[in-house]
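Beneath this line is the structure, given in C-alpha cells, with notes to follow.
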Amino acid sequence: MYSLEEIANRIGASIVGDPSTAIERLGSIMDARPGDLTHLSSSHYREFLKDTQASAVILTQKDVEDCQVDALVVSNPMLAYAKASQMFDDRPRVPIGINDKSEIHPRATIGEDVRIGPFVVVEADAVVDNDVEIGANCHIGAACRIGEGSVLFGSVILYHNVRIGKRCRIHANSVIGADGFGITPDEEGKLNRVAQVGGVRIGDDVEIGASNTIDRGAIKDTVIEDGVKLDDQVHIGHNCVVGSHSMLCGCTGLGGSVSIGRHCVLAGGVGVAGSGPLEISDGVQIGAMTYVSRSIKEPGQYQGSPLHTPISKWRRNMMRLTELDNLAKRLNKLEKQLDEKSQSHNDS
Amino acid sequence: MYSLEEIANRIGASIVGDPSTAIERLGSIMDARPGDLTHLSSSHYREFLKDTQASAVILTQKDVEDCQVDALVVSNPMLAYAKASQMFDDRPRVPIGINDKSEIHPRATIGEDVRIGPFVVVEADAVVDNDVEIGANCHIGAACRIGEGSVLFGSVILYHNVRIGKRCRIHANSVIGADGFGITPDEEGKLNRVAQVGGVRIGDDVEIGASNTIDRGAIKDTVIEDGVKLDDQVHIGHNCVVGSHSMLCGCTGLGGSVSIGRHCVLAGGVGVAGSGPLEISDGVQIGAMTYVSRSIKEPGQYQGSPLHTPISKWRRNMMRLTELDNLAKRLNKLEKQLDEKSQSHNDS
Amino acid sequence: MYSLEEIANRIGASIVGDPSTAIERLGSIMDARPGDLTHLSSSHYREFLKDTQASAVILTQKDVEDCQVDALVVSNPMLAYAKASQMFDDRPRVPIGINDKSEIHPRATIGEDVRIGPFVVVEADAVVDNDVEIGANCHIGAACRIGEGSVLFGSVILYHNVRIGKRCRIHANSVIGADGFGITPDEEGKLNRVAQVGGVRIGDDVEIGASNTIDRGAIKDTVIEDGVKLDDQVHIGHNCVVGSHSMLCGCTGLGGSVSIGRHCVLAGGVGVAGSGPLEISDGVQIGAMTYVSRSIKEPGQYQGSPLHTPISKWRRNMMRLTELDNLAKRLNKLEKQLDEKSQSHNDS
C-alpha cells in the first residue's frame, strides 16, 4: 500500500486531490474499485473516466476536469503507469543464497546477493554477477556471463559462451545459444551440419519472453542490443542482430543473418528470412503475420498478410489470386484494344 | 485385454457378433490385425471395411451389413472410439507419493494420492489437490492451485498465482503465467515494461499441449474456460479469454486482449491480433495460417491464407498483388469508358 | 590448432601453399584474421577474396589464382568447410559417467562411456546406448531407446516409447512423444480426447533444434527418417512421416498425418495441414511462410506467402483482394462486351 504522494514522487506526477489517499493495487478504468490506481492513456477509454470507482487516475492535464476522483497529472500517462505498476509487482523471488540442491561448478564465479533456486546447474568459468536471480532447473553453460541484477525464470537454458547484460529478464523455458541452422548437402543430397562456433551477446535491460530460441552465431556472435523486448515463442536465427529498443511480438521468427534496426516493432507472427543476409532499417514497423523476404531501407509501416473473409469468398478469391498475372495481362490487352479502337475512331 | 462386451458396456454400443471376442489393442481400419479394435468414422475409409483384419469395428447401423467381423454399433463412431481408446492408454504414470528429490515448500498443501516426480519444486501456499500427477522437473509457483486429477507432464512451469481446474492435462515444457507483453516507449523511444499483476485461471477438463505459453493478465486474469483443447506451441497473450470447448491447433497465437467464443476451432498457425481488444464470437472456425485482425461477430468459417503455386507463378502473381488496387482502378476506368461509348453509341 | 595439412587430409583437399601453416580458428572471408580458416562458397563473397586476412581459404580450382593466401582446393567448398568446421567445435561436453544427482531406474540399461548430467531422469526399460550424452534436466521416458553416439542437450523430454537412432543431436527443451491432437466433439460440442497409443521413431543422423514438438502417433508411430534436420520451434503433428535428408526451417509446423518426401526443404514458418492426410513428394522446396493445404505431387519450388508493401498500399490492395473474384467477373464481362462489339462491327 502506498499513499498517492509516494506514487506521485516516484513517477513525477502532480497531484490533484488528497496526497494521503491510500492506493492498494492496480485496476483498469472500467472495473476499478476503491483502493485502485488506474490510468487514462487512450481516448478509447475516456468514456469510462467520469464513472470510474478507482481511488486515483493517472492522466494528462486536459482530462483533469472530467475526473471525479483523485488524479495524478503527467504528460505521458501510459509511461507513468508503467513506472507506477512496478511498485505493485508482488512476484515472489528466489531467496538470496544458493539452493543446496543446485550444482555449481567450482570454477564458476558467483557474485554477492545472488539468488539461485533448486536443480540449477552452473558450469565451469561461468560468471554470475551480483544480485542475479536464477530460477529452478536453469542451466548456465560454461563461460557464460550474467550481468548484475538480471533475472532468469525457471528452466532457462544458456549454452556455453552466452553473455547477458545487466537488468535483463529471461522468461521460463527460453533457450539461448543452441546451434544455428547451418546445413549443407553433399553430392548425394545428404545433409551436413556446419559447426556453430560463435556465441550470443545480449545487452542491458533486455526482456526475453517464455520459450524463445536465440541461436548462437556460426562464427561471430548473434547480438541482441540494449533495451530490446521479445515476447513469447520468438525465434532468432544465427548471426542476427536486433537493434536497441526494438520489440518483437509473439511467435515472430528471424531466419539466419537478419539485421533489425533500432526502435523497430515487429508484430506477432512475422517472419523475416531471405536467401542471403537481409537488413531492416531503424524505425520500421511490420504488421502481424507478414512475410519479409527483402531488406527494408526506409522507416515506416509495412504489411503483407491478407485479410480473412468468409470461407466461400476466400476460396473464390484465392483461386483467382493464383491466376492474377493472367487477369492483369487480359486487362492490359483490353486497354490496348480500347485504345486502338478510340484511336481508329478518332482517325476515321 | 478386454472382451468386446466390456468395451460395449463402456461406450454404450450394441454388439453384432461374439461378446467374448478378445480385444488387445487399437488399430486403423487399413492396417488392423486380429486382436485390434478399429472404427469407421469417415466415408473416406469405407472401402477398407470389407477387408479389414480387425477383430471388431465401431460403426453406425448403416455400415453393419458390409462388416465381415464383429461390430460395435453406435450413433457416433468417432466419439465412441475416443472413449474406447482411453481403455488402451498404457502411459506409465508417476508413482503415488512425493519423490524425495523434489522440493516442496512447508507451506504448500498436498492432497491425497498425489504423484510427484523428481526435481519438482512446489512453492509456498500452492495447493495440489487429490490425485494430481506432476512430472519431473516441474515448477509450481507460489499460491498456485491444481485441481483434482489434473496431470502435468515434465518440465511444466507455473508462475505464481495460476489456478488450474480438475482433470486438466498439461503437456511438457508449457509455461503458464509468464509476464504479458506490456511495453511502452518513453520520450526517447526506450521501452518500458508494465508490471503484470493479474494471474491465469484455467477451467476443468482443459488439455494444453507441449511448449505452450499462456501469459498472466496485466490486471485481471487470463482465462481458459472449461473443456478447451490447445495443441502444441500455442501462444495466448495477456488478458485473453478462450471460451469453453474451443480448440486451437498447433502454432496458433493470440495477441493480448483477444476473446475467443465457445465452441470455436482455430486451425494451425492462425494469428489473432488487433490494435485493441478483439472478439471472436461463439461457433467460429478459422482456417489454417489465417491472420485475423478484426472482430468476427457471426459464427461460420473464415480464412485468409493464400494458396501455394509453383514459384515462378507465385512471383508473377504476388508482384501483381502489390499493384492490385491500380489494376482495380484501371478496370473501373475501362468499364466507364465502355459505358460512355455504348451510351454515345445509343445516343447517336 | 591444426596444420593446413591435417585439415586437408580430413576434408580431402589439395593444398596450394604451405602445408605447415597453423590454423587456430574459423573466420568469415570479410573479417578473417591471421590464423583463421575461411571459405569461398558463394559468388556473393568473391570480392572479398583478394584482400582476406585469413591464413587459408577453402575454394574451387577456378578461384585459386585470385587467392593471395594459402588455399585448400576442393570441388564443393561449402561441404568441405562443413567438415573442417567440426574440428573447431569446442563445445564442452557432459563428463563421462552418471551424475549422482540423476535418477536412473534400476530397470534402465545404460551403455558404455555414457555421459549423463545432473537432474536427469531415465525411466524403466529405457535403453541408452554407448557414447550417448544426456544434458541436465532431461527426462527419458519408459521404454525409450537412444542410439549410439546421440546427444540430448538440456531439458529434452522424451515421453515413453520414443526410439532415437545413432548420432542424433536433439537441442534443448524439445519435447518428443507428447500426445497427438486427436479431439472429437460429442453431441453437445464438448471435446473428447482420443488416446494416442503410437510412439515416435527417429532415424540416424537426425538433428532436432531447440523447442521442437514431435507428437506421438495415434496408433502407428510418427516417423522422422535418417538424416533429417529440423531447425528450432518446429512442430510435427501425430502420424507424420518426414522423409530422409529433408530439412525444415524454424517455426515450421506440420498438422497431423502429413507425409514429407525425401530431400525436401521447407523454409521457415511454413504450415502444412489439410482436412485429411496430405503428401509432399520427394524433392519439393517450399518458400517461407507458405500455407500448404493440398498434396504436392511434383518436385519443384512452391510458394504462397504475399510480399510486404508500405501499409497504406497494403490496405488498399488487401481490400481489393477480398473482392478479387468480382473483379475477375467484371473483367470477363468487359471482354465479352468488347468481343460482341467487334463482332457486330465486323458484321455490319
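The values are calculated or read from the model by the stated rules, or taken from the named source; none is laboratory data. Computed from a predicted structure; not experimentally measured. FYI the Cβ positions are ideal-geometry reconstructions off the backbone, even for glycines, and counts take in every protein chain you see. SASA here: full protein model, heavy atoms, side chains in, ligands and nucleic acids out. Shrake-Rupley method; radii C 1.70, N 1.55, O 1.52, S 1.80 Å.
General observations
- Net charge of neighbours whose Cβ lies under 15 Å from the Cβ of A:Thr290, counting Lys and Arg as +1 and Asp and Glu as -1: +3
- Calculated P(r) tail over 15 Å for the range C:136-222, as whole % of Cα pairs: 58
- When each of the peptides A:232-245, C:104-117 is scored by the mean number of other C-beta atoms lying within 10 Å of its residues, the order from highest to lowest reads A:232-245, C:104-117.
- Reciprocal mean inverse distance between Cα atoms of the range B:175-279 - Kirkwood radius, Å: 13.7
- 15 Å beta-carbon shell around A:Glu112, net charge (K/R +1, D/E -1): -3
- Applying a DSSP loop filter and a limit of 11 other Cβ atoms within 10 Å to the chymotrypsin sites (Phe, Trp or Tyr not before Pro) in the range C:74-168 leaves nothing.
- Cut-off 11 Å between beta-carbons: net charge of the residues surrounding A:Leu324, Lys and Arg +1, Asp and Glu -1: +4
- The calculated pair-distance distribution of chain B uses every alpha carbon pair, bins of 20 angstrom beginning at 0, and gives 24, 42, 26, 7, 1 percent.
- Between the range A:82-137 and the range C:133-208, the C-alpha centres lie 30 angstrom from each other.
- Cα-Cα over 31 Å, subset of A:Lys297/B:Lys313; A:Lys190/B:Lys313; B:Lys297/B:Lys336; A:Lys313/C:Lys297; A:Lys297/B:Lys329: B:Lys297/B:Lys336
- For chain A, the 222 nm mean residue ellipticity estimated from helices alone, with every DSSP H stretch of n ≥ 4 adding -39500 (n - 2.57) and the total spread over all residues, rounds to -4500 deg cm²/dmol.
- Rounded to the nearest 5, the antiparallel percentage of DSSP beta bridges internal to chain A is 10%.
- Interface area, chains C and A: about 6400 Å² of buried accessible surface, summed, with a 1.4 Å probe and ligands, DNA and RNA left out.
- Taking the square roots of 5 times each eigenvalue of the Cα gyration tensor of the range B:238-301, largest first, gives ellipsoid semi-axes of 14, 13, 11 Å.
- Seen through its C-alpha gyration tensor, with square-root eigenvalues sorted a ≥ b ≥ c, the range C:1-138 comes out prolate because a/c lies at 1.5 or above while a/b is bigger than b/c.
- Within the accessible area of the range A:1-53 (1.4 Å probe), percent carbon and sulfur: 47
- Gyration tensor verdict on the protein assembly as shown (Cα atoms; rounded if a/c is under 1.5, prolate if a/b is larger than b/c, oblate otherwise): rounded
- Average projected area [Cα convex hull, the range A:181-232], square nanometres: 4.4
- Principal semi-axes in Å for the range A:189-346 [√(5λ), Cα gyration tensor, largest first]: 41, 18, 17
- Residue mean of other protein chain beta carbons inside 10 Å, B:335-343: 3
- Gyration tensor verdict on the range B:59-150 (Cα atoms; rounded if a/c is under 1.5, prolate if a/b is larger than b/c, oblate otherwise): prolate
- At a probe radius of 1.4 angstrom, the accessible area of the protein assembly as shown per residue rounds to 39 square angstrom.
- Taking the chain by itself as reference, the range B:224-238 contains these residues with an accessible-area loss of 10 Å² or more in the full protein complex (1.4 Å probe, heavy atoms): B:Lys229, B:Asp231, B:Asp232, B:Gln233, B:His235.
- Restricting the trypsin sites (Lys or Arg not before Pro) of the range A:197-299 to loop positions (DSSP other than H, G, I, E, B) with no more than 15 neighbouring Cβ atoms within 10 Å leaves A:Arg294, A:Lys297.
- Mean per-residue shielding of peptide A:252-259 is 4, counting Cβ atoms of other chains within 10 Å of each Cβ.
- When the alpha carbon gyration tensor of the range B:90-242 is reduced to an equivalent ellipsoid, the three semi-axes, largest first, read 28, 16, 13 Å.
- Average Cα contact separation per residue, the range C:243-348, under 8 Å, 6 or more apart, as relative contact order %: 17
- Bridge type composition, the protein assembly as shown - antiparallel percent by DSSP, nearest 5: 15
- Peptide A:115-121 is shielded by partner chain Cβ atoms: per residue, an average of 6 of them sit within 10 Å of its Cβ.
- Inter-site label distance for B:Lys329 and B:Glu188 at 7 Å from Cα along Cβ, in nm: 4.3
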